[in-house]
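This report concerns only the one structure given below.
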Amino acid sequence: MRGVVEGLDMEGLGVVRLGKREIHVPFTAPGDVVEVRRWRRRKRRLIATDFDVVEPSSNRTEPGCPYFGTCGGCLLQHLPYREQVRFKSDKLREILGFDVEVIPSPKIYGHRNRIDVVVSTAGIGFRRRGTWWDAVDIEWCPVFGESSRRVLKSLREFIEDHTPTLYEIRKNKGFLRYIVIREGKFTGELMINLVTSEGKLPEDFPEYFDYADSIYWSVNRTPSDVSYGDVERFWKGEFIRERLDDVTYLIHPNSFFQTNSYQAVNLVRKVAGLVDGERILDLYSGVGTFGIYLAKRGFSVEGIEANPFAVEMANRNAELNGVEATFRVGEDRDVENLSKYETVIVDPPRAGLHPKLIKKILKDKPQSIVYVSCNPKTLRDNLDALSEGYAVETVVGLDMFPHTPHVETVVKLKLKV
C-alpha cells in the first residue's frame, strides 16, 4: 500500500494514512511517498516494519552515519537539523500549550560524551531498530566521535587474540557484555569500562587500551541486561574529568553526567541565569552539576539526592572546585522547610515530581522554582499542579540529543502575589 507522510508523531515517526489505518513509519520525512508492506501493533499504534521510501521529499538530508536506518540509536538524521529543532519546538507547543524556543545543540556530531556498546554474537554495536535481541555491528559512532573507532578496533583485537565468549542476547549468556566509552569533550580525557558477567579477564586487557586515561572492569552479577556493574578493578585513573566553563567535574563509570557536554554548558548557564536570591536548594542534585556551578558564582547552595554514590561524587566535586556547597542523601518526598530558600532547582527523573513534594512546595512557598525536565508530559502535569500557587515566567527548550525525538526543557516559576 502506498501513501504520503503527512507529518511526524511525538516520537519522530512519519504518519501515513492508508485507508482507515494510520501507520507510523520510522526514518521518514513529511512529503515522502512510501510503500508499506507490513506493520505490527505496539502500544495501540501500527508501526511499519517492512517499507520503502519510493519518492523522497525535499525535507530530507543525507545522514551523517553509515548505520542510520538500521541502528536504533538515532531516528532523525535524515531530517535537516533546522527541521529537527522545529519538530521539537512544535512538540513542546503541542504538549505544554505555549510556544517554546528550542536552543540548537552547538554540535550535532561528535557531541555525545558516552556510548554503551553491546558486545554480542549478533554484533558489536547498538540494538537494531525495533529489537532487543539483535545488534548492528559498527566500526565507530559518529555522534560520539573518532575516538570510538580506535576503542572498538582495540576491542576487536583483544577478542581476536583471546576469544572470550560474547553476549548471546536471547539466551542472556556470555562473558563479554558491554563496553562503555566516556570522553571529556572539553578535557580530551577518555574512559573505557568493560562490563562482563562473572569470570576471568585476561591480565593484559589494559594493554589494548594504553591510550585511555582510565580503564575499568565491571561485573554484572544480576540477570538483568544492563551496561553497568560492580567495579572489579581499574587501571590508571580512577576518574576522568569534564569541564563546563570554569567548573571541573569528576566522572566515574557509575555516575550520571549530561551526555552532551557542549549543550550542557548552555544548560548550566541558563539555570544560573534564572535563579533568584542567594540561598539555593538543588533538589535531585546528582553529582552537583547545577549546584557546584552556582556555588562557584557565589550562591549559597545545598543539594539533596537519593543516590548515596552521587552525593559522594557531588561532595568530591565541591572540594575539587573549592566551593562550600553541601550535598546530602535524601528523598524528594521528605524534604524539610523549603521557605528558607529563595530558589529551588528541581531536575527529577522522567516520572516527574513526587506528589508530596508538590504539596510541600505549595505549602512552603519558596519565591522561585527552576524546573529542568527531560519529559514534557510529566512537566505539563506538574506545572498544572503547581499553577495553584505559581505562574510560569520563562520557558526554553534545549536540544541535548540531536537526531532523537528527546528534548530538555527549563521552566522558571514565580510565586503568585
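The values are calculated or read from the model by the stated rules, or taken from the named source; none is laboratory data. Since we're looking at a predicted model, the values are computed, not measured. FYI the Cβ positions are ideal-geometry reconstructions off the backbone, even for glycines, and counts take in every protein chain you see. Just the protein is used for accessible areas: all its heavy atoms, side chains included, with ligands, DNA and RNA removed. Shrake-Rupley method; radii C 1.70, N 1.55, O 1.52, S 1.80 Å.
Assorted remarks:
- Diffusion of region 286-397 by Stokes-Einstein, at 37 °C in a medium of 0.692 mPa s and with Rh set to the Kirkwood radius over alpha-carbon pairs, works out to 223 µm²/s.
- Computed from backbone phi with θ = phi - 60° and the Karplus coefficients 6.51, -1.76 and 1.60, the 3J(HN,Hα) list for region 65-81 is 10, x, 9, 4, x, 10, 5, x, x, 10, 10, 10, 5, 6, 9, x, 4 Hz; x is used for glycine and proline.
- Euclidean distance of C-alpha centroids, region 83-135 and region 193-235, integer Å: 27
- Counting every pair of alpha carbons in region 171-300, the share spaced more than 23 Å apart comes to 43 percent.
- Radius, Kirkwood style, for the chain when every pair of distinct Cα atoms is counted (Å): 23.1
- Nonlocal amide H pairs with Cys141, under 5 Å, H built at 1.01 Å: Ser148, Arg149
- Average accessible surface area per residue within region 1-93, 1.4 Å rolling probe, Å²: 52
- When the P(r) of region 86-180 is calculated, the portion above 24 Å amounts to 41% of the C-alpha pairs.
- Too-long pairs where the Cα-Cα distance tops 19 Å, listed order kept, from Lys270/Lys363; Lys270/Lys377; Lys91/Lys377; Lys185/Lys377: Lys270/Lys363; Lys270/Lys377; Lys185/Lys377
- By average C-beta atoms within 10 angstrom, highest first, the peptides 219-228, 35-44, 203-212: 203-212, 219-228, 35-44
- The eigenvalues of the Cα gyration tensor, multiplied by 5 and square-rooted, give region 124-179 an equivalent ellipsoid with semi-axes of 19, 17, 7 Å from largest to smallest.
- Calculated over region 336-417, the projected area of the Cα convex hull averaged across directions stands at 5.2 nm².
- Of all beta bridges that DSSP places with both ends in the chain, some 70 percent have antiparallel geometry.
- Basic side chains Lys and Arg get +1 at the Cβ, acidic Asp and Glu get -1 at the Cβ, and with that the dipole of region 86-207 about its Cα centre reaches some 520 debye.
- Note on the chain: with neighbouring protein chains present and a 1.4 Å probe, carbon and sulfur make up 48 percent of its accessible heavy-atom surface.
- Candidates Lys107, Lys236, Lys200, ranked by Gaussian network fluctuation over the chain, Cα under 10 Å, top entry: Lys200
- Note: relative contact order over the chain, using C-alpha pairs below 8 Å and six or more positions apart, is 11 percent.
- Pairwise inverse Cα distances across region 248-318, averaged and inverted, put the Kirkwood hydrodynamic radius at 12.3 Å.
- Centre separation in Å (Cα based) which lies between region 280-297 and region 1-24: 43
- Principal axes of region 105-259: Cα extent on each, largest first, Å: 47, 35, 27
- Residue-normalised convex hull volume from the C-alpha trace of region 231-367: 113 Å³ per residue.
- When only alpha carbons of region 8-57 are considered, Rg and Dmax amount to 9.9, 29 Å.
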